[in-house]
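Colleague: My structure is below; once you've seen it, I'll send some questions.
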Amino acid sequence: LGPASSLPQSFLLKGLEQVRKIQADSLELQERLCAAHKLCHPEELVLLGHSLGIPQASLSSCSSQALQLTGCLIQLHSGLFLYQGLLQALAGISPELAPTLDTLQLDVTDFATNIWLQMEDLGMAPASPPTPGTTLTFTSAFQRRAGGVLVAAKLQRFLELAYRVLRYLAEP
Amino acid sequence: ECGHISLSAPIVRLGDPITASCVISQNCSHLGPEPQILWKLEAELQPGGRQQHLPNGTQLSTITLPHLNYSQALLSCCLRWGNSLQILDQAKLQAGYPPATPHNVSCLMNLTTNSLICQWEPGPDTHLPTNFTLKSFKSRGNCQTQEDSIPDCVPEDGQSHCSIPRKHLQLYQNLGIWVEAKNALGTSVSQKLCLVPMDVVKLEPPTLWALEPSPEVPPLQPGCLRLRWETWKPSLHIEQKCELRHQPQLGEASWDLVGALPSRTLRYELCGLLPSTAYTLQMRCTRWRLPGHWSDWSPSLELITTQR
Amino acid sequence: ECGHISLSAPIVRLGDPITASCVISQNCSHLGPEPQILWKLEAELQPGGRQQHLPNGTQLSTITLPHLNYSQALLSCCLRWGNSLQILDQAKLQAGYPPATPHNVSCLMNLTTNSLICQWEPGPDTHLPTNFTLKSFKSRGNCQTQEDSIPDCVPEDGQSHCSIPRKHLQLYQNLGIWVEAKNALGTSVSQKLCLVPMDVVKLEPPTLWALEPSPEVPPLQPGCLRLRWETWKPSLHIEQKCELRHQPQLGEASWDLVGALPSRTLRYELCGLLPSTAYTLQMRCTRWRLPGHWSDWSPSLELITTQR
């Protein structure tokens, strides 16, 4: 059983394309946060991140040593669903950043939907879609911007793993 | 109210008949026992008005214009008063055609404006105010079933194109789309398209650059050229394949084509050409392994091949 | 909340001192007994923070920057954590000047846009968002008493002019008008103008035409010219007087002036000029017997005088 014989090639190619787009979107968000607010290094905000309670989505079922396809797709979807919620909480970050944030959110939502529909088509989808977890609350504009830097950084790490597994699955 | 016109229909098909009646109240026709009601279409008197005296003392005249050939005309109900013609009421007559079926509907996903732009042929002029609406819905299968509806896209006045913004789109799912035309005389609906926005992306051409000779790079063989290119920035995330065409600037030689090139390269050598000859190069790209349209050919890059 | 900065004032005068304090809550400073709070202005560490341990376990640091010379700067409250500096809160510092008094306020009544357009000199940059508002009121006397107020006229961003639409104006009554500038550090008010809109009408120049020779008109004497003119159409209802100036096209002769001409004439003869010489003519007009501004000089009309 090839790693992804059940996954259509077009789904994997589209997924790779969408990951590249989302990476470009979140890179732009990071660049704009750095330019406008001098918040350029997530490592400077780790302590604040702890207090804000920004979660990191897991892709443990997607590791190449122990790839579990259904579990991996479910984790991919719920991770994207988590980041979709975190990005929503950043709304109102600042007028200049709003368009970048909107595009990022739309692209993440599109990708999550595609994965869910593909799981449904293959009969792999969980009985019910995930429910929104704890929502982040920010008490100041600074916290919302720092949250933006941290969420974008965590999303980039999540996407790197996602890209690796999709490319592995797309190998002929 | 002195006089009042009522019409069989405010708008009719061009050339169809139209009937109008005009009631003249008593307080306006106190002139003589039988005031004569006359009809004018624009400035011309219209014969054939049938007048009758109603029990309640009002006068009624009815006229049928056999063929209304004006797309717009003013019909006046008048009364002869001394040697003048008094206008008591006016009605605007309109005639035209029901909308033809909008055709040649086509859409392109524009990555700069981040919107799906669809255009269509509206068909012949109906002479009537006609509203076009671009309707669409999200669908999973091949647009047989409607998942979510999308708000109607109303084009700017008189335009035959409309843009659906990114926030209403799912770029990788099927979209059922069609155009509806409506005016006072009817409605018509175009053929339905079923498309995936990302499969109809409008790619801008790549950019070609000459390569500056540099020490690390070995000198070129005779009849060779060196260049590099990069695809259009907003499409960097899209896997593409490209084609390069080249022809000597002088003479009538046709284009030569080099196919299946990667979408980005820092250094490409093209050999087998006439030495020390000026060449014109152009490139185009298309989304590859996934469906897409070819971009236009890029602006030309002029390079001269190395000498013998 | 991990850390929170509070400022003595969010906006100060450029060069003035500013004091900031930062409170670090316990859930963030669970690191060691005495976490060290550090301040950064933009990217530079700032010495002089005074830190104290509050009874409720929180840490408080206070710093005074003696002279804030940035119009905008980011002040960060940080904590040393391992070998990194953690940012816990940021505050935007702003410094600038209260608005200078707007001066050179002047207004013109524009008969094309039918609005009173006023402009002013805003004065030096305050480095702070400063809002200008054109305020006015209708008055009977010489603007000592306010009859009716007129809605504030808010110029477009960064513009130093504003248009009061016709519907707010009484063209023949006094109008008290001034400009107010306001920013976070204060408000300033320009001198008050008292004007009657119609007395400050901006007239466009009249139009000059050569006269085609025609049989009914007797031939011209030598050294004469014939022309006609008409004032600017939107000002036809305004009684005006006009001035004509003329000079030979060649040579250095200065302009000659013919004053007190009517605002319209079908035929005017200008004589006493050099025969068969090309002359340049221009005209301007002003509202007359009632106050008004001269229009600019009209475009030139070139005519050649009759021969000897």
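Colleague: Going 7 Å from Cα along the Cα-Cβ axis for the label, what nanometre distances separate C:LEU290 from the same residue across the other copies?
Modeller: Spelled out, the distances from C:LEU290's label point are 7.1 nm.
Colleague: Mean-square fluctuation check for chain A, GNM, Cα pairs under 10 Å: which of A:SER94, A:SER63, A:SER140 is largest?
Modeller: Most flexible of the set in this elastic network: A:SER140.
Colleague: What Rg and what Dmax come out for the protein assembly as shown when only alpha-carbon atoms are used, in angstroms?
Modeller: 39.6, 113
Colleague: May I ask for the distance between the Cα centers of segment A:96-161 and segment B:80-108, given as a whole number of Å?
Modeller: 55 Å
Colleague: Next up: From Cα coordinates alone, what are the radius of gyration and Dmax values for segment A:18-172 in angstrom?
Modeller: That works out to 15.7, 50 Å for Rg and Dmax.
Colleague: Also, I was wondering about something else. Quick one: if you stick a label point 7 Å off each Cα along the C-beta vector at B:LYS167 and B:GLN36, how many nm between them?
Modeller: Going from the B:LYS167 label point to the B:GLN36 one covers 6.7 nm.
Colleague: Compute the Cα gyration tensor for segment A:1-74, then decide on rounded, prolate or oblate, letting a ≥ b ≥ c be the square roots of its eigenvalues: rounded whenever a/c is under 1.5, prolate when a/b is larger than b/c in the other cases, and oblate in all that remain.
Modeller: Oblate.
Colleague: Then there's this: Rounded, prolate or oblate: which fits segment B:215-257, taking a ≥ b ≥ c as square roots of the Cα gyration tensor eigenvalues, rounded meaning a/c under 1.5, else prolate when a/b beats b/c?
Modeller: oblate
Colleague: Follow-up. Between segment B:172-238 and segment B:121-139, how many Å separate their Cα centres?
Modeller: The distance from the Cα centre of segment B:172-238 to that of segment B:121-139 comes to 27 Å.
Colleague: Most fluctuating residue of C:THR145, C:THR187, C:THR286 in a GNM of chain C with Cα springs under 10 Å: which is it?
Modeller: It is C:THR145.
Colleague: Over chain C, with a Gaussian network built from C-alpha contacts below 10 Å, which listed residue (C:ILE177, C:ILE164, C:ILE63) shows the highest mean-square fluctuation?
Modeller: Checking each option, the largest mean-square fluctuation is seen for C:ILE63.
Colleague: Using a Förster distance of 56 angstrom, determine the FRET efficiency expected from the C-beta separation of A:SER64 and B:GLU121, and round it to 0.05.
Modeller: 0.60
Colleague: Going out from 0 in 10 Å bins, what whole percent of all Cα-Cα distances in chain C drops into each bin?
Modeller: Final binned percentages: 6, 18, 15, 13, 13, 11, 8, 7, 5, 3, 1, 0.
Colleague: Please report the spacing between the Cα centers of segment B:277-295 and segment A:28-83 in Å, no decimals.
Modeller: About 36 Å separates the Cα centre of segment B:277-295 from the one of segment A:28-83.
Colleague: Here is a follow-up. Arranged from highest to lowest average of other beta-carbon atoms within 10 Å per residue, in what order do the peptides B:42-53, C:197-208 appear?
Modeller: By packing density, highest mean first, the sequence is C:197-208, B:42-53.
Colleague: Report, to the nearest whole %, how much of the accessible area of segment B:236-283 belongs to carbon and sulfur atoms, 1.4 Å probe, protein only.
Modeller: Solvent-exposed carbon and sulfur of segment B:236-283 make up 50 percent of the total.
Colleague: May I have the pair-distance distribution P(r) for segment A:109-172, computed from all Cα-Cα distances with 5 Å bins from 0 and rounded to whole percent?
Modeller: Using 5 Å bins, I get a P(r) of 4, 12, 13, 20, 20, 14, 9, 6, 2, 0 for segment A:109-172.
Colleague: With a 1.4 Å probe and every protein chain left in place, work out the accessible area per residue of the protein assembly as shown in Å², rounded to a whole number. Present the calculation step by step, with values, prior to reporting the outcome.
Modeller: On the way: 40380 Å² over 788 residues.
Accessible area per residue: 51 Å².
Colleague: Can you give the average number of partner chain beta-carbon atoms within 10 Å of each beta-carbon in peptide A:20-33, as a whole number?
Modeller: Going residue by residue through A:20-33 and averaging, the value is 1.
Colleague: Also, I was wondering about something else. For segment B:140-167, list whatever residues lose no less than 20 Å² of accessible surface once every protein chain is in place, relative to that chain by itself, with the probe at 1.4 Å.
Modeller: Residues of segment B:140-167 that lose at least 20 Å² of accessible area once the other chains are added: B:ARG140, B:ARG166, B:LYS167.
Colleague: Next question, about the same structure. Relative to the Cα centre, what is the charge dipole magnitude of the protein assembly as shown, using +1 at the beta carbon of each Lys and Arg, -1 at the beta carbon of each Asp and Glu, and rounding to the nearest 20 debye?
Modeller: It works out to roughly 380 debye.
Colleague: Where the label is 7 Å out from Cα toward Cβ, how close does C:ARG267 come to the same position in every other copy, in nm, shortest first?
Modeller: 8.8
Colleague: How far is C:PRO213 from itself in the other copies, in nm, if each label sits 7 Å out from Cα along the Cα-Cβ line, shortest first?
Modeller: Copy-to-copy label distances for C:PRO213: 7.5 nm.
Colleague: Rounded to the nearest 0.05, what FRET efficiency do C:SER71 and C:ARG50 have when you use their Cβ-Cβ distance and R0 = 30 Å?
Modeller: On the way: r = 27 Å, r/R0 = 0.89.
The pair C:SER71/C:ARG50 has a calculated efficiency of 0.65.
Colleague: Also, quick follow-up: How many partner chain Cβ atoms sit within 10 Å of a residue's Cβ in peptide A:110-119, on average, as a whole number?
Modeller: Going residue by residue through A:110-119 and averaging, the value is 2.
Colleague: A further question on this structure: With viscosity set to 0.890 mPa s at 25 °C, what whole-number translational diffusion coefficient in µm²/s follows for segment B:1-124 from Stokes-Einstein and a Kirkwood radius over Cα pairs?
Modeller: Details: Rh = 17.2 Å.
Result for D is 143 µm²/s.
Colleague: How much accessible area is lost when chains A and C come together, counting both sides, with a 1.4 Å probe, in Å² rounded to the nearest 100?
Modeller: Result for this pair: about 1300 Å² buried.
Colleague: Just counting partner chain Cβ atoms within 10 Å, what average do the residues of peptide A:37-44 show around their Cβ?
Modeller: Mean partner-chain Cβ count within 10 Å for A:37-44: 4.
Colleague: Does anyone have the angle between helix A:98-121 and the longest principal axis of chain A? Alpha-carbon axes, 0 to 90°, nearest 10?
Modeller: Tilt relative to chain A: about 20 degrees.
Colleague: In square nanometres and to one decimal, what's the mean projected area of the convex hull around the Cα atoms of segment C:64-137?
Modeller: Numbers: hull surface 36.5 nm².
It is 9.1 nm².
Colleague: With θ set to phi - 60°, apply the Karplus curve 6.51 cos²θ - 1.76 cosθ + 1.60 along segment C:49-64 and write out the HN-Hα couplings as whole Hz, x wherever there is a Gly or Pro.
Modeller: x, 9, 10, 9, 9, 8, x, 7, x, 7, 9, 10, 10, 10, 9, 10
Colleague: Estimate the FRET efficiency between B:THR133 and A:GLN156 by the formula 1/(1 + (r/R0)^6), using the beta-carbon distance for r and 45 Å for R0, to the nearest 0.05.
Modeller: That pair, B:THR133 with A:GLN156, gives E of 0.60.
Colleague: Picking from B:LEU175, B:ASN131, B:THR280, whose Cα lies most toward the positive end of the charge dipole for chain B (charges on Cβ: Lys, Arg +1; Asp, Glu -1)?
Modeller: It is B:LEU175, whose Cα lies furthest towards the positive end.
Colleague: Give the chain B residue with the shortest beta-carbon distance to the rotation axis relating chain B to chain C, plus that distance as a whole number of Å.
Modeller: For the rotation taking chain B to chain C, the closest Cβ gives B:GLU156, 12.
Colleague: If you don't mind, there's one more thing I want to ask. With n ≥ 4 as the cut-off for DSSP H runs, can you work out [θ] at 222 nm for the protein assembly as shown, using -39500 (n - 2.57) per run divided by the number of residues, rounded to the nearest 500?
Modeller: -5000 deg cm²/dmol
Colleague: A follow-up question, please. For the full complex of protein chains and a 1.4 angstrom probe, list B:ARG284, C:ARG166 by accessible area with the highest value first. Mind showing how you got there, number by number?
Modeller: Details: B:ARG284 55, C:ARG166 100 Å².
The ordering from most to least exposed comes out as C:ARG166, B:ARG284.
Colleague: As a test of the definition: which semi-axes, in Å, follow for segment C:252-308 when you take the square root of five times each eigenvalue of its alpha carbon gyration tensor? Largest first, please.
Modeller: Details: eigenvalues 128, 35, 20 Å².
Each semi-axis is the square root of five times an eigenvalue, giving 25, 13, 10 Å.
The values are calculated or read from the model by the stated rules, or taken from the named source; none is laboratory data. As the structure is a computational prediction, the values presented were derived from the model and not from experiment. All Cβ positions, even for glycine, are placed from backbone atoms using ideal geometry, and neighbour counts span all protein chains on display. Surface accessibility is based on the protein's heavy atoms, side chains included, excluding ligands, DNA and RNA. Shrake-Rupley method; radii C 1.70, N 1.55, O 1.52, S 1.80 Å.
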